[in-house]
1. Just give me the residues in region 162-185 being open to solvent by less than 20 Å² (accessible area, probe 1.4 Å) and under 18 Å from M102 (Cβ atoms), in sequence order.
2. Out of the residues in region 122-181 that are assigned to a strand (DSSP E or B) and among the hydrophobic types (A, V, I, L, M, F, W, C), state the one that is farthest from the chain's Cα centre (by Cα).
3. Considering only region 13-40, how many residues are surrounded by fewer than 19 Cβ atoms within 10 Å (Cβ to Cβ), within 17 Å of M1 (Cβ to Cβ) and over 21 Å from the mean Cα position of the chain (by Cα)?
4. For a quick check of your reading of the model, give me the residue pairs whose first member lies in region 19-35 and is in contact (Cβ under 8 Å) with a residue 40 or more places away in the chain, whose second is not basic (K, R), with beta-carbon atoms closer than 7 Å and at least 6 apart or on different chains.
5. Of the residues in region 64-113, how many are more than 28 Å from E199 (Cα to Cα) and among the hydroxyl-bearing types (S, T, Y)?
6. What pairs come up if the first residue lies in region 188-200 and is part of a strand (DSSP E or B), the second is among the small types (G, A, S), and their beta carbons are under 7 Å apart, counting only those six or more places apart or on different chains?
7. Residues in region 63-74: is at least one open to solvent by less than 80 Å² (accessible area, probe 1.4 Å), more than 20 Å from D163 (Cβ to Cβ) and either under 20 Å from the mean Cα position of the chain (by Cα) or assigned by the TED database to the domain that holds A137 (or both)?
8. Can you say whether S151 is in the same structural domain as S100 (by the TED database) and either over 27 Å from E115 (Cα atoms) or β-branched (V, I, T) (or both), as far as the supplied structure shows?
Amino acid sequence: MLFYFDTDESASPFDILMAHDAGFDEVVPYQGVTADRVGELVQDAIFPRGPKGVKHTSFFMGGSDVEEVKEILENTKDAMFPPFEASVMVDPRGSNTTASAMVAKVERGLAEIGEGSLENKKVVILAGTGPVGRIAAMLCANEGADVTITSRNEDRAKNIAGDLSEESGHEIQGIRASSDEETYDAIKDAEVILSAGPEGVRIISEDTLKKLEGKTRV
């Protein structure tokens, strides 16, 4: 049985369907979940299951409020204790899985063109202050890359880069890229360029791409 906690007004049909497709017999969604009330929900779920049944119980945290999801995760773990411990998963609007897949594809692409791993590579993540960009930045930094994230707002880029540096234990830089010129300056010396912007928004222009002679797209 999977209990799905979503921070949004409506629980995501995508996540519910994916849970069923993953093989869960029952998926129980809750919407509008907050960190303040999740502990009560967790204990209401685990106690009736008993020590044996709780081993077949899982919690999944999602929603578009990434910071709230992080707090929900911590409060969920705090609400459990032996022998009432269930498995916990977290993937706010697919940001963890999307970022992981992105970085895995980069690593495979680097290997295929004989460039080794991400270690010591200069990585620039355009529009990197959103959920996917943040996770990708920390994953790349954990692999030894020199990571820079960009935003149209310089203060936002620097503030989030500071938070990511503290969380990951690796230095991550944040710079502004609000025009084609600034974008090109940000990526011209990069060995890996990722775009983590929202669907339907142009992050890098065709003219800027044409300037990047010698860059391989994977």
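1. L164, I172
2. Going through the qualifying residues, I end up with I175.
3. Final tally of qualifying residues: 8.
4. Note: pairs meeting the criteria are A19/L2; A19/Y4; A19/V27; A19/F60; A35/E68; A35/E71; A35/I72; A35/N75.
5. Of the residues in that region, 2 qualify.
6. Listed pairs, sorted by first residue: L194/A136; S195/A127.
7. no
8. On the way: in the same structural domain as S100 (by the TED database): yes; either over 27 Å from E115 (Cα atoms) or β-branched (V, I, T) (or both): yes.
Against the criterion (in the same structural domain as S100 (by the TED database) and either over 27 Å from E115 (Cα atoms) or β-branched (V, I, T) (or both)), S151 qualifies.
The values are calculated or read from the model by the stated rules, or taken from the named source; none is laboratory data. The structure presented is a predicted model; accordingly, all values stated were derived computationally and were not measured. All Cβ positions, even for glycine, are placed from backbone atoms using ideal geometry, and neighbour counts span all protein chains on display. To get the accessible areas, we keep the full protein, side chains included, count just its heavy atoms, and leave off ligands, DNA and RNA. Shrake-Rupley method; radii C 1.70, N 1.55, O 1.52, S 1.80 Å.
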